[in-house]
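Take a look at the structure below.
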Amino acid sequence: MYQSALDICSVAFIPDHVNIALTYNNMANIYSDTGDYNLAIDSYLKALTIELKHFSVDHPHLAITYGNLALAYDSQGNYTVAVEYHQKALDIFLKSSTINQQELSTSYFNFGLTLKKMKNFSLALNMYEKALQINLVRLPLDHFEFVVLFNNIGLMHFNLEQYEEALENYKRALNTGIKLLPKDHIYLAQIYDNIGLLCKIVDEEKTAIEYIEKSLEIRLKNLPPNHPSIAKIRNVLDEARKN
């Protein structure tokens, strides 16, 4: 569909018309959704080349394209390049006089995801906390974004061996998640996993078993019996029961 639109635009407009950039961006979004990241990156870069001719270097449109490029490179595992584009997007959002708080929050969060994969947990935590501060102003406290944010903040504290802070944030995620999600929602299983593993590490085996059993119960309802995560959780549960 978008290839046809591109063909039409190529006839109707000059090669660097802004509408052609829009079509390239739309094509790139489709490629990203289908996992064709090489094609997505190629299309985003073509869009960016045109956009740079039409917009100032700190225009929000460029920030969105930079952010999309960061996500595509992240999905390829090319985290170093992803970080460069995350930073470009973030710099533009922070300079904008008409800053969109949702886009800024998303930029911080996505940046944090990439940094987490690079095991730069301190900087990832910093990004998540900045996203949190924005969302505390713009969203109700029972919004699902807080479930995801608190869980990720907890994970960073866990990886930094800050277990008390990790548990505090996991429980915030869980308390909000229980209010918003069905009791057997798979995301709750992830939070139960995280709390269970933390409790196991700090030698609270009984509590660890309780949370890991809850996670396993949810996974058995949502996933096929041979799913790798089920075997993994069973092993963790067996280890906790032996101690």
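Tallying residues that are farther than 11 Å from residue 75 by Cα and small (Gly, Ala, Ser) within region 24-39 yields 1.
Okay, residues lined up against (1) part of a helix (DSSP H, G or I); (2) in contact with a Lys or Arg (Cβ under 7 Å, 6 or more places away or on another chain); (3) not hydrophobic (A, V, I, L, M, F, W, C):
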| site | (1), (2), (3) |
| --- | --- |
| 190 | yes, no, yes |
| 198 | yes, no, no |
| 206 | yes, no, yes |
| 221 | yes, no, yes |
| 240 | yes, yes, no |
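Any idea which of 194, 169, 175 is within 21 Å of the chain's Cα centre (by Cα), modelled with pLDDT of 95 or more, part of a helix (DSSP H, G or I) and surrounded by fewer than 19 Cβ atoms within 10 Å (Cβ to Cβ)? Every option except 175 fails the conditions. Got a sec? Which of 161, 205, 145, 165 is farther than 29 Å from residue 106 by Cα and acidic (Asp, Glu)? Among 161, 205, 145, 165, only 205 is farther than 29 Å from residue 106 by Cα and acidic (Asp, Glu).
Scanning region 217-241 for residues that are buried (at least 17 other Cβ atoms within 10 Å of the Cβ) and modelled with pLDDT of 95 or more gives 218, 219.
I'd like the full set of residues that are polar (S, T, N, Q) and closer than 19 Å to residue 91 by Cβ, limited to region 43-75.
Across region 43-75, the qualifying residues are 56, 65, 68.
In region 180-202, is there at least one residue being in contact with a His (Cβ under 9 Å, 6 or more places away or on another chain) and touching a residue at least 12 places away in the same chain (Cβ under 8 Å)? Yes, the conditions are met somewhere in region 180-202.
Could we say that residue 155 is outside any helix (DSSP H, G or I) and in contact (Cβ under 8 Å) with a residue 24 or more places away in the chain here? For residue 155, the condition - outside any helix (DSSP H, G or I) and in contact (Cβ under 8 Å) with a residue 24 or more places away in the chain - is not met.
Going residue by residue through region 203-212, is there one that turns out to be loosely packed, with under 14 Cβ neighbours inside 10 Å, at pLDDT below 95, of a type outside the set (Lys, Arg) and closer than 19 Å to residue 158 by Cα? Yes, because at least one residue in region 203-212 is loosely packed, with under 14 Cβ neighbours inside 10 Å, at pLDDT below 95, of a type outside the set (Lys, Arg) and closer than 19 Å to residue 158 by Cα. Screening region 99-147 for residues that are part of a loop (DSSP other than H, G, I, E, B) and among the aliphatic types (A, V, I, L, M) and picking the one that is farthest from residue 68 (Cα to Cα) gives 141.
Within the option set 96, 10, being surrounded by fewer than 16 Cβ atoms within 10 Å (Cβ to Cβ), in contact with an Asp or Glu (Cβ under 8 Å, 6 or more places away or on another chain) and modelled with pLDDT under 90 holds for one residue only, 96.
If you check 34, 65 for being at pLDDT 95 or above, loosely packed, with under 15 Cβ neighbours inside 10 Å, among the polar types (S, T, N, Q) and closer than 29 Å to residue 131 by Cα, only one passes: 34. Would you point out the residue of region 13-31, among those that are of a type in the set (Phe, Trp, Tyr) and in a helix (DSSP H, G or I), that is modelled with the highest pLDDT? Applying the filter and picking the extreme gives 31. Considering only region 63-87, state which residues are within 26 Å of residue 139 (Cα to Cα) and not small (Gly, Ala, Ser). Once the filter is applied, which keeps residues that are within 26 Å of residue 139 (Cα to Cα) and not small (Gly, Ala, Ser), region 63-87 yields 64, 65, 66, 68, 71, 86, 87.
The values are calculated or read from the model by the stated rules, or taken from the named source; none is laboratory data. In this text the structure is predicted, and so the values were computed from the model without any measurement. Positions of Cβ are generated from backbone atoms using ideal geometry, with glycine treated the same way; all protein chains shown enter the neighbour counts.
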